[in-house]
Amino acid sequence: MTMRKIMAAFSVVFSANAFAKIPPAPPADPLVAAAKAEKDKAAADKTKLDQARYEDKAVASFQANMKTAGKPVPKPTPIIVAAAPVVAPAIAPPVAGKASAAPVTDAKAPANTKK
């Protein structure tokens, strides 16, 4: 029984460390953030260029293998880029001082009354 109490005490003491609050991250320095953004942009550009280069290399290898095998080399399919959607112009609000085409009145329609 005492061993269980000792183990329970150890687990309480050591589990308290697991629930300790983690301090917040220090504020980011704007210069460091800008330098990191530039570095990330350069890495993304390099990745795009590498991807295009290796795609071209794979296509050239495929075409060379097709020619070596005596098979016709398929022509590349053109990819058509979708046009940007046309945005309808918004209706302009009425200009102050000018009368609108249909004046709005607060008058109610006459009630149908039978005499």
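Nothing in this text is a laboratory measurement; each read-out follows from the coordinates by a stated rule. As the structure is a computational prediction, the values presented were derived from the model and not from experiment. Reconstructed Cβ throughout: ideal geometry from the backbone, glycine too, with neighbour counts over all protein chains shown.
Within 14 Å, Cβ to Cβ, of ASP40, how many net charges do the neighbouring residues add up to if Lys/Arg are +1 and Asp/Glu are -1?
Cβ neighbours under 14 Å give a net charge of +3.
Report the label-to-label distance for SER61 and LYS36 in nanometres (one decimal), using points 7 Å from each Cα along the Cα→Cβ vector.
Taking the two extended label points, one gets 3.7 nm.
Note the full-extension length gain between ALA69 and ASP50 as 0.36 nm times their separation in residues minus their Cα-Cα distance, in nm to one decimal.
Here the segment from ALA69 to ASP50 would lengthen by 4.0 nm.
Can you give the net charge of the other residues whose Cβ lies under 12 Å from the Cβ of GLN63, counting K and R as +1 and D and E as -1?
+3
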